[in-house]
Every structure is written in C-alpha cells, then in structure tokens.
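All remarks here apply to the structure that follows.
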Amino acid sequence: MLDRAFVCAQCTARLTHRSVFRIKTPFYSASRRLSSNATPDRPVRVAIVGSGPAGFYAASRLLSKQQNAMVDMYEKLPVPFGLARYGVAPDHPEVKNCEEKFTEVATSPRFNFVGNIDLGHDLPLTALKPHYDAILFAYGASQDKELGIPGEKSARNVHSARAFVGWYNGLPEHRDLEPDLTSGEDAVIVGQGNVALDVARILLTDVDALRSTDIADYALEALSKSRIKRVRVVGRRGPLQASFTIKELRELLQLPSVAFDPIPKDVFPPEDVVDALPRAQKRLMQLLGKGSANDPQTSTKSWSLDFLLSPDSLHSSPVHPYNLFQARFSCNQLDPANPHSPSSKVTPKCLPDGKAAMVNLNASVFFRSVGYKSLPLPGLDDIGIRFDDQRGVIPNDGFGRVRSPSSPSNMGERQKLPDGSLITHLAGLYCAGWVKRGPTGVIASTMTDAFTTADSIMQDLANYNGSSSLLHAPGHSSGLGWDGVKAEAERRGLRPTSWKDWQRIDAVERERGKQKGKIRDKMGRVEEMLEVID
Amino acid sequence: MALWREFGQQLRRAIPKATTGEVCLAQSRRYISHTTTPWRTAGIAHSGRWNSGAQKRLHPSLQEWKSAQRSFSATAHVAHGHITPPKPGEEINVTFVDKDGTEVKLQVAEGDNLLDIAQANDLEMEGACGGSCACSTCHVIVEDPDMFDKMEEPSDDENDMLDLAFGLTETSRLGCQVIMSKDLDGLVVKLPPMTRNLQASDFESK
C-alpha cells in the first residue's frame, strides 16, 4: 500500500501501523506485550471523574502513552469540557481552542464519554470502584468561598462571581441568576483575581463586542440594558499581592472608552522595589503604574483597583429597602516595617481616636470573587478518601496519588518521599486539577498537573510486580469499566449521554448560533439538551 | 514495560541519527510528504497522532477509508501541525532538544512556526490555545543567546504569556510565535519538561 522504496523501514512500520492498519486490529493486541503484569490480557480501565481540562489532559496523556488503557470519563452535565466551556470568558475564544484537542482525544476508540451522571448523587462511587483499575478524580471546584459578612445573604443583588460567570456562559445551574444591572451605576467586586477581572471586563465591555461570541442570549440582553458605569475591584491587600495576571489586566486597560483610576502613590511600590522584582511581577507592576491611555473625560465607563479594604457589611437603600445601596469596608495598612514585600501582611488601620477606619462604597450590584472551593463528592468516605475540608482538596502526594487518611494502613502501599518521610496511598485512586492542588492557575498549569498524575498512573502500572503495588491486587477489579456500571445506572433510571449525543448538541448549538451570527448558541437547560438527543 | 517502551523510543531515535545522509525520521517523513500523493502528506502529518480526526473518519471500513482518502486529499485539512515542505536548497535547519536531552534535527521551510513544526513531527509540545498566543504550553528555550537576539522581539502579548510559563528563562519564547526564517538557520531550542518533579516543599503544612 505504501511505496516502501521511498520510506525507511521504521517509517513504513510507523505509518502503516499507526495510521492505517491499527484501526483494523483490536485496540490492545498491538501493544499487549507491552502491557503491565497487572493486566496481562485485558485493557487497563481508568475512570476519570470530570470532563474539564484536567480530566481531558490526563486522558490525553494516558491514551497516547499507555496503549492498553481505556478511559471512561464521567460528567455531571450532558455536555463535556467543564470550565473550558463554562468558565472561560466568551470574549476569550482562543483559550477555548483547547476544546479542539479534547475533541481529538475523544475520537480515540479507547475513550468513552458518560455524561449526565452526577456521581455521588445519582450513582454511588462504590458502584464504580469494582469495575476499574484506577479512578482519577478531576471534578474541579464546584463552589466558591463566601465572605461571611452581614448582608451577604439577605441583600438583593449580591452574587458570587462564580455564579455570574456561569450565568453569562450559559451554565444551567445559574441560568436563573438574573442579576439586576439596571438599579444603579456602581458595581463592586471583592477579590482581585482573574475571575474578578473577567466579571469587570464583561460589565465594562461594549455589549456589541460580545454579540458574536458564545455568550448566553439572556446575558446579552441583560448587559445591553445595563446601567453600570463604574466598576470597583477591591482587594484586602496591596498591588503586589493581587493575584490577577497581566494578560487580563492589559485587556481591561485597553478597553475602548473605559478609563482607569491611577493607583494612589502611597500604596504603589516605589520604582526601586519594582525594578528588583522577578520578571512577571515586575512587568505587572510596570503596567499597573502606566495605567490606561484613555481620557476619563471622554470615556463612558471607568474602573479602579481599590486596595487595602476588607469587606465589612452590605447595606440596602433607605428608600428602597430591597435594593443594595452601599458596601462598607474596613481599611487596612501594609506592614509598616516591610510595606512592599510580596508576602507583606496587612493589619487593620486605626484612626487617631482608636476606632477602625471604615469606608463606604456605592454598590448597586455586588460580587464576591475570593476564590473557588472544591467540595467532597458524596461517598468519598465509602472508598476510603478523607477529603481535606480545610484546604478544599483530596489529600495527595503531589503526583496525584490519593493519600490514605490513616497511616500506617493496610489499604495501600507506603512510599518514601524526597524528604524521607513515608506516606500511605489508597490503591488505584488518583486526582488531578483543582481538586488536587486547589483552585489556582491557568489551563497550562492544569495541563502540567494532569500530565503528572497520568504519568503516576502509568508508573504504578509499570512497577506493578503482582503483589505489592500502588494498584490493586490482581482480581480486585472486574476490568469491565462502564460495561459493568451501566446496568446499575439503568436500574436507577439514569440517562447517560454519549460523545455522539454531545456531537448532536454541539451541531445544534452551532447551527442556532449561525442563525444569530454567533459562534454558538448554548443551550441553557439540561432538559433542552436532552430533548435534542432523545 | 516502561523499559521496553523506552528502549523502543531510543531505538527509533538512535537509528536515524546513526545513519548518515537524509535518512532521519523527521526528514524522511518530509521527504515522503513532498514526493508522493497529497493525501499522504495529510496522513503523514497525522501519523503520530493516535486518534486524529482523520482516523476516526476512516474507521468504519476500508472501503470508506478509500473514499475518505480521496476527499481528504482535496482539502488536505490538518487541524494542527500543518507545515509546508521546504523547497530543495532552501531548507532551514532547526534542532529540538527534549527534556531527556534527545536531539531531533529537522529541515523546515521558511514561514513555519515552531509549534506547527513540533506537532507535525510528534514532538512533545502542546498548543492548548491552537497557536494564538493565549497560553504558555508551547514554551521553548532558545539555547544560543545570540540566536535569541536575532529573533524579532517578543510582543507584549507573548511576554504576558511567557510570564506564566513554567521554568521561564532569559531566552524563553513561545513556539507558536517563532517563525522560521533564513536568519534562524541552525536554531536549537529546548523543550521544557511538561510534568513537574516533586519538591519536598510540596508537602509542607499538609
């Protein structure tokens, strides 16, 4: 079939083997000799919980490097991609390009998508465990941190930035958020991370610039009626401690007809401090110092970064008791001994009379954006995992192997760490992404992290010597994967969605988008998605 | 098992290097790609990708595969890593050094970027944002500072992304933004590791 004369022997083997003939052969026969002792004559079954970037990058690594691995990816929603679909801002379509790679991963015959199954709620984890050699948790952070201040729950128009992001991105969970952007001109966002800047940008961007994106229709409508003209992004500490990254800042500073309040000199680090910073921070500070070129006189909207303010309470309008009116903050000061160190702590600022310094900011809508939080999946205990509530992660060894809560234990194998200490693992359980390392970092960091976990799984497979291992003892798993779980799911009346189902939804969304001049028109409700495929 | 795989990889890399002339893995592929029919170009660009869209389309039967290959040749669509073969006599040399120190020497055409080149040759380089300078996954390190200076200055956007790159150096660039030109003949770039080594500090206060 191939003209061998043109090609060296290896290339011929590679080409014929990989692109043509392997398709005809069973997926694992070609690499059977390479498979681990653990599973001599059947594929290695891996369940991945969550279909966001962490899950997909782990799947990608596993499928490309472990030829006998078969991956079932479980997802709560009928549709894949997690925060790539529902977290990345609609005006960042280039960041969503990672979905192309994920789609490529999903075309592998060794990949299986199982959507619309909320593990832990719809189906217990104990139903999965007997059928897999490894379970990898990559379900991210489903909650956000609260401020715990008076008025946060009671005042109207106080939202979590996470919910707002989900709302404009068409996430079914937040479809009915209905933020009121018409009751005043001032928005206050507490928190200075990239999510806060995303929210600010969506509020400040000219709505016409968003029309061609995949932003939800209802969000577009609400934003087109928005009266918000002034956005304050408030942080507890100083500029050096802000956690947004430079790309997001630059975008905001470059928005047409949006002015930026220069940062007061007394909180900004002096030039010699900036010059001595590491590259990334230095560039960020230099950009902050430069500010925006837009003239406040001719700009229609403006924003500011307000530093050294801790939220204290939220207050409704005396005239309209249901409308949010003001946010009250207590003032902080940088550590006087060391004001411009990135790790500098802040202390409450007191007035000469000894009272705490306070400041009121007008706010007709208020967003809290002080970080996401992972929650334990119900039933983690049943398979031996003790979720770390304090840090909001599944305890792990940094390589993604889940640590045993009790040590020593007979549940897993002990491993020596670089620092000499011993830890105990739970056999066959792994984690990746935000549920592994906490909700920080960009897609690139999650990719690195997911690859590391996938490598750990493969390393454990390779090192398996039949008796002692980080994997299960032989015979522990039926090796059936989804085929073994399916019956239980059916018994419970669940309606799993397949990759084909997603492709159908995808096609309909794109088609609807085309008619409206958008990249895609996302379906806002799960029922709607299921209707399309049934 | 890992040993065997490692051995296979070493062998695959060692043989082309040991052989003189143009029988290098990557070069030979390039050689094929512009001396045979167009559908092969596409197929070859995909050859190392275990689950390309093309393969999926071919999957159902050989018959379908045959018809698919025809339509495929018409568009020669390649999602990633589409590069042009260099014209004879105008090849530009570029060397990728992976995290294990293995060198892959390639001859490429002017105008292609390092991300596309790496992906077309199955090197371990991700392009999460599809080469649009919106992530840092195609981070490369230029070995020779003089060569780095010969390149056009990175844009603010590229520097913004590099700021987030893992293991940033003075001569770091994003692969998708380095476009090959005659000036860059002999360029050597290192690929930083894509997984991290565990530090003892990872366990602090846990």
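Quick notes on this structure:
- Charged neighbours of A:SER330, selected by a Cβ distance under 10 Å, balance to +2 (K, R count +1; D, E count -1).
- DSSP-defined beta bridges in chain A - what % are antiparallel, rounded to 5: 40 percent
- For the segment B:123-134, counting C-beta atoms of other chains within 10 Å of every residue's C-beta and taking the mean gives 6.
- Structure note, pairs A:LYS76/A:LYS101; A:LYS65/A:LYS373; A:LYS65/B:LYS105; A:LYS282/A:LYS373: Cα-Cα distances above 26 angstrom occur for A:LYS65/A:LYS373; A:LYS282/A:LYS373.
- Additional length obtainable on full extension of the chain from A:LYS282 to A:ALA356, 0.36 nm per residue less Cα span: 23.4 nm
- Förster-model FRET efficiency, 35 Å R0, A:GLU527 and A:THR182, C-beta, rounded to 0.05: 0.75
- Residue-averaged beta-carbon neighbours from other chains (10 angstrom radius) around A:453-462: 2
- Test item: A:279-286 mean partner chain Cβ contacts at 10 Å: 3
- Applying both filters, DSSP loop and at most 10 other Cβ atoms within 10 Å, to the trypsin sites (Lys or Arg not before Pro) of segment A:330-402 gives A:LYS355.
- Proximal charge balance of A:VAL190 [Cβ under 14 Å; K/R count +1, D/E count -1]: +1
- Antiparallel %, DSSP beta bridges [both residues in segment A:213-353], to 5: 55 percent
- Net charge of neighbours whose Cβ lies under 12 Å from the Cβ of A:ILE263, counting Lys and Arg as +1 and Asp and Glu as -1: -1
- The string of couplings for segment A:207-214 from the Karplus curve (6.51, -1.76, 1.60, θ = phi - 60°) is 4, 5, 6, 9, 4, 8, 7, 8 Hz, one whole number per residue in order, with x for Gly and Pro.
Values quoted throughout were computed directly from the atomic coordinates according to the rules given, and no laboratory measurement underlies them. What you see is a predicted model; the values in this text were computed from it and never measured. Cβ sites come from the backbone with ideal geometry, for glycine too, and all protein chains shown count toward neighbours.
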